[in-house]
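A short worksheet on the structure shown next.
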Amino acid sequence: MRFPPILAIIALSSLSSAAFAQDSTELLRELIHESEINKTNYIENTFKYTRVVDGHSIVNLPAHVLDVRISHRFDPINSGLYNFLGLDAAVMRLGFDYGITNNIMIGAGHSVYQKTYDAFFKIRLLKQSTGEVNMPLSLSFVPTIAINTLKQFNAEKTLFSDRVSWVMQLLIAKKFSEKFSLQLMPTFIHADKISFAHVDLNIAAIGFAATRRISKRLNINGEYYYRLNDNGSAAHNVLSFGIDLGTGGHVFQLHFTNSIGMTEKSFISETTNQWEDGNILFGFNISRVFQLKKKHY
Amino acid sequence: MKRNLFSFILFLFVLQQANGQLYYTKNGSISFFSKSPLQDIEADNNQVISVLNIQSGQIEFSLLNNAFHFPKAKMEEDFNENYIESDTYPRSSFKGTLININKVDFTKDGNYPVMVKGDLTIHGITKNITANGAIIISKATISAYSSFTVFVKDYDIKIPTIVSNKISEKIQIKINCSYQKK
């Protein structure tokens, strides 16, 4: 156990310099660990944008952001070459969405189809997270109201209340990986009396949506709503596929769907086209966001 | 036995001294600027963790990329999603040395120019950089300042042509950290 003092000093000095080197890195590691231990990491971008195809996704606009949306649906592709595969005719919806807070957004729009005015709230109730707060999924509530303002032949007999429809939706979403998210949409619809010959005016439906990230700027989405009643009517379930294309400024969503309506009540409960008949419509949404108020931090 | 005891005490003393050289911060500030014809972008991060050894001059920084705040929500989203890719590369870090640390008199107030050299890791890519900075001693508080430029292509961050007149290839980084004793 004996060694000369000079050796001890050399050993010590090398040890102490090792201690220097180790200590600052170790302290940094300790501080990082400390900063992460009581932190909740919220999962962002479960879907790319606020809409899957026709319907809402779990994504909210950030606070003070205005989103101007112009959506188009063309005629069915099988309407023939004379009709330029449906592109000769189009309906559109002009909409404005706004983020009041990061968790509450509102929106309103007007559709050419049935001259419909619509408005909605999207309220986030739960947000998927890991860490201190471990929340396996996100949950939002979306109430929507729509008013069909088409002129009626028996106008004096049509009450305003006959024109109003409303929809309550829950969005339950989970991001499984960086590339894949799923969403379930239990939906309750109260249809208006003039738009469509429904068997039941109160319709329940369940929606399914998925998104797959292909690259930083490209997502593929699918959306399907299964109606649980109103089976005697001429409506079919809506099925849509689309891609999200970010260009840095504008966002393009291109899709194929069997619905012509772009408000919840119409595409979920009043879609008359069928994929198996080739009655598929091409459509696209263009969206542009504007920051109305600078962020505070 | 006596000698060993002496060595042990000396060792403890040296170790103690080593700890005494360490300063740290948990809320340092790092901001960056991109100046381009169509828009200027500025982002701040005020949760930077940094450690400084005032004897060896060793200095380290670590920050969470998603703690950078931008004036516009869309910029912040694009930064995290498309450019820095925060989910894959959550942190950026620097590990280096203040080369002329011996010129800094930590007992006397003053502004001491320093040069720092080390490894900067952004977007999973590590590059050796050298930057000028200053250590400022004021009323026994140690602060570190630096400003330097990085090129996004050095860190494999691609800016699409469509937004090339909105985001500069050249990013200026500013550091401002006040340290406290460990």
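The values are calculated or read from the model by the stated rules, or taken from the named source; none is laboratory data. Computed from a predicted structure; not experimentally measured. Using ideal geometry, Cβ is built from the backbone for each residue, glycine included, and neighbour counts are taken over all protein chains shown.
Which numbered condition trips up A:K151, out of (1) at pLDDT below 90; (2) surrounded by 15 or more Cβ atoms within 10 Å (Cβ to Cβ); (3) charged (D, E, K, R)?
Failing condition for A:K151: (2).
With respect to the numbered conditions (1) away from every other protein chain (no Cβ under 14 Å); (2) surrounded by 16 or more Cβ atoms within 10 Å (Cβ to Cβ); (3) not small (G, A, S), which one is the sole condition not fulfilled by A:L201?
In the conditions (1) away from every other protein chain (no Cβ under 14 Å); (2) surrounded by 16 or more Cβ atoms within 10 Å (Cβ to Cβ); (3) not small (G, A, S), A:L201 misses (2) alone.
Could you pull out every one of the strands (runs of 3 or more DSSP E) wholly within region A:1-109 that has 2 or more residues that are at pLDDT 95 or above and touching a Leu at 6+ places or on another chain (Cβ under 9 Å)?
In region A:1-109, the matching strands (runs of 3 or more DSSP E) lie at A:65-76, A:90-99.
Please go through region B:47-75 and give me each residue that is under 22 Å from A:K293 (Cβ atoms), more than 8 Å from chain A (Cβ to nearest Cβ) and more than 15 Å from the chain's Cα centre (by Cα), ordered by number.
If the condition is that a residue be under 22 Å from A:K293 (Cβ atoms), more than 8 Å from chain A (Cβ to nearest Cβ) and more than 15 Å from the chain's Cα centre (by Cα), then B:N66, B:M75 are the ones that fit.
I need the full set of residues from region B:110-120 which are surrounded by fewer than 17 Cβ atoms within 10 Å (Cβ to Cβ) and within 14 Å of another protein chain (Cβ to nearest Cβ), in order please.
B:D119 - this is the single residue of region B:110-120 that is surrounded by fewer than 17 Cβ atoms within 10 Å (Cβ to Cβ) and within 14 Å of another protein chain (Cβ to nearest Cβ).
Scanning for something out of contact with any Asp or Glu (no Cβ under 6 Å at 6 or more places or on another chain), surrounded by fewer than 16 Cβ atoms within 10 Å (Cβ to Cβ), more than 14 Å from chain B (Cβ to nearest Cβ) and part of a loop (DSSP other than H, G, I, E, B), does region A:252-269 turn up at least one residue?
Looking through region A:252-269, none of the residues is out of contact with any Asp or Glu (no Cβ under 6 Å at 6 or more places or on another chain), surrounded by fewer than 16 Cβ atoms within 10 Å (Cβ to Cβ), more than 14 Å from chain B (Cβ to nearest Cβ) and part of a loop (DSSP other than H, G, I, E, B).
Run down A:D244, A:D192, A:D230 and say which single residue is at positive phi, touching a residue at least 12 places away in the same chain (Cβ under 8 Å), crowded, with 16+ Cβ neighbours inside 10 Å and among the charged types (D, E, K, R).
None of the other options fit; the residue is A:D230.
Determine whether B:T25 is among the β-branched types (V, I, T), farther than 30 Å from A:N60 by Cβ, more than 10 Å from every other protein chain (Cβ to nearest Cβ) and touching a strand residue (DSSP E or B) at 6+ places or on another chain (Cβ under 9 Å).
Here the answer is no, as B:T25 does not meet what is asked.
What are the residues in region B:128-169 that are surrounded by 13 or more Cβ atoms within 10 Å (Cβ to Cβ), touching a residue at least 24 places away in the same chain (Cβ under 8 Å), more than 14 Å from chain A (Cβ to nearest Cβ) and not β-branched (V, I, T), if any?
B:G133, B:S143, B:Y145, B:S146, B:S147, B:F148, B:D154, B:Y155, B:S168
Say whether the condition of being in a strand (DSSP E or B) and in contact with a strand residue (DSSP E or B) (Cβ under 8 Å, 6 or more places away or on another chain) is met by at least one residue in region A:150-164.
yes
Being modelled with pLDDT under 95 and touching an Asp or Glu at 6+ places or on another chain (Cβ under 8 Å) is the filter here; which residues of region A:222-232 pass it?
Within region A:222-232, A:N229, A:D230 meet the criteria.
Report yes if some residue within region B:85-95 is over 23 Å from A:L27 (Cα atoms), outside any helix (DSSP H, G or I), among the charged types (D, E, K, R) and facing chain A (nearest Cβ under 10 Å); otherwise report no.
Yes, region B:85-95 contains a residue that is over 23 Å from A:L27 (Cα atoms), outside any helix (DSSP H, G or I), among the charged types (D, E, K, R) and facing chain A (nearest Cβ under 10 Å).
Which pairs have Cβ atoms under 6 Å, sit 6 or more apart or on different chains, and link a residue in region B:77-93 that is within 17 Å of B:T121 (Cβ to Cβ) to one that is surrounded by fewer than 16 Cβ atoms within 10 Å (Cβ to Cβ)?
Short answer, once both residue conditions are applied: B:D87/A:E178; B:Y89/B:G124.
Find all pairs meeting these conditions: Cβ atoms under 6 angstrom apart; at least six residues apart or on different chains; first residue within region B:100-113 and more than 10 Å from B:A134 (Cα to Cα); second residue assigned to a loop (DSSP other than H, G, I, E, B) and modelled with pLDDT of 90 or more.
Going by the 6 Å Cβ cut-off, the qualifying pairs are B:I101/B:G57; B:F106/B:I54.
How about region B:81-90: which of its residues are surrounded by 18 or more Cβ atoms within 10 Å (Cβ to Cβ) and under 19 Å from the mean Cα position of the chain (by Cα)?
B:I84, B:S86
Can you say whether A:N45 is more than 23 Å from the chain's Cα centre (by Cα) and more than 25 Å from A:K265 (Cβ to Cβ), as far as the supplied structure shows?
no
Any idea how many residues of region A:213-227 are over 25 Å from B:Q39 (Cβ atoms), within 14 Å of chain B (Cβ to nearest Cβ) and surrounded by fewer than 17 Cβ atoms within 10 Å (Cβ to Cβ)?
Residues flagged as over 25 Å from B:Q39 (Cβ atoms), within 14 Å of chain B (Cβ to nearest Cβ) and surrounded by fewer than 17 Cβ atoms within 10 Å (Cβ to Cβ) within region A:213-227 amount to 1.
Take A:G232 and decide whether it is part of a strand (DSSP E or B), of a type outside the set (V, I, T) and within 27 Å of A:K115 (Cα to Cα).
It is false that A:G232 is part of a strand (DSSP E or B), of a type outside the set (V, I, T) and within 27 Å of A:K115 (Cα to Cα).
Of all residues in region A:111-125, count the ones that are in a strand (DSSP E or B) and surrounded by 15 or more Cβ atoms within 10 Å (Cβ to Cβ).
Residues meeting the conditions: 10.
Restricting attention to region A:129-136, does a residue exist that is touching a helix residue (DSSP H, G or I) at 6+ places or on another chain (Cβ under 6 Å), outside any loop (DSSP other than H, G, I, E, B) and surrounded by 13 or more Cβ atoms within 10 Å (Cβ to Cβ)?
So far as region A:129-136 goes, no, none of its residues is touching a helix residue (DSSP H, G or I) at 6+ places or on another chain (Cβ under 6 Å), outside any loop (DSSP other than H, G, I, E, B) and surrounded by 13 or more Cβ atoms within 10 Å (Cβ to Cβ).
Report yes if B:T107 is more than 14 Å from chain A (Cβ to nearest Cβ), in contact with a Lys or Arg (Cβ under 8 Å, 6 or more places away or on another chain), exposed (fewer than 13 other Cβ atoms within 10 Å of the Cβ) and among the polar types (S, T, N, Q), otherwise no.
no
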